[in-house]
Amino acid sequence: MSRLKSKVALVTGAGQGVGQGIAFALAQEGAAVAVAGRTLAKVESTAAAIAQRGGKALALQCNVKDAASLQRCVEQTVRQLGGLNILVNNAQEVPLGPLLGVSDEGFAAGWESGPLATFRLMKLCHPHLKGGGCIVNLASPAAMRWDASNYGVYAAVKEAIRSLTRAAACEWAKDGIRTNAILPLANSPGMEWWTREHPQEAAAFIATVPMQRVGDSEMDIGRFVVSLCSEDCRYINGQSIAVDGGQAYLG
């Protein structure tokens, strides 16, 4: 399949989990993928796996909390892969815990790695995405929880990303750029840790998923991102879409 043939994508946090799954799916559909992450060895592993599958990937070390690092990442992507058509903002430090238990530093890390990094990267990539580009930002169903205990700060930074998504969709559609957010439920390392450390809470949560399972990072989340970035979804813009087996209600 080659719905994204000749496209170039940049995916942050692509060394593992959801970011890696999205990178695999994009490459499978013909996109050349810049896989960016804080730990070079992890993104090199992702790039090597893509190459083994017959795809094209570029491993880039990138600290999304550093503006200069983000700029270098975009410049290297454009220079080495020949352009940029798809941006996936996935990297995020996760500040979990009760409000009285989350430090200012933890909140700042969540903010800098999430909405601020998303804001910066969208602006850096805007000139390259004009005329048919696509942005996919990752939000979270955590903000849809009725009981937000222990998820307030994480939900706050993820909801900020949804606001930026909607603004970009409205302001940049005239430039030929579509911007959407997905709210995934996937078998990421974080999800696996939570399931292992809090088995009863995890089991109760999964019981609220109509499909009774957690999504696969590549086949469920990544494949949907492929569709969202393809011509099949050329009229989809400014949306927040839960890719979670029906768990969250966004109506």
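Each reported figure results from applying straightforward, stated rules to the coordinates on display, with no laboratory input. Quick caveat, the model's predicted, so the values are computed rather than measured. Methodologically, a virtual Cβ is constructed for each residue, glycine included, from the backbone with ideal geometry; neighbour enumeration extends over all protein chains shown.
Computed quantities for the displayed model
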{"item": "Ranked packing of 204-214, 240-250, most packed first, by mean Cβ within 10 Å", "result": "240-250, 204-214"}
{"item": "Listed pairs Lys5/Lys158; Lys56/Lys123; Lys56/Lys158; Lys5/Lys65; Lys42/Lys130; Lys123/Lys158 exceeding 28 Å between Cα atoms", "result": "Lys5/Lys158; Lys56/Lys158; Lys5/Lys65; Lys42/Lys130"}
{"item": "Between helix 152-172 and the chain: long-axis angle, C-alpha atoms, 0 to 90°, nearest 10", "result": "30"}
{"item": "Degrees between helix 17-28 axis and first principal axis of the chain (Cα, 0 to 90, nearest 10)", "result": "30"}
{"item": "Estimated 222 nm signal from helices in the chain, with DSSP H stretches of n ≥ 4 weighted -39500 (n - 2.57), rounded to 500", "result": "-13000 deg cm²/dmol"}
{"item": "Highest to lowest packing among 6-18, 188-200, 46-58, 62-74, scored as the average C-beta count within 10 Å", "result": "6-18, 62-74, 46-58, 188-200"}
{"item": "Among 162-169, 75-82, the order from most to least packed when residues are scored by Cβ within 10 Å on average", "result": "162-169, 75-82"}
{"item": "Relative contact order of the chain, pairs being alpha-carbon contacts under 8 Å that are 6 or more residues apart, as %", "result": "20"}
{"item": "Kirkwood estimate for the stretch 61-209, i.e. one over the average of 1/r between Cα atoms, Å", "result": "16.5"}
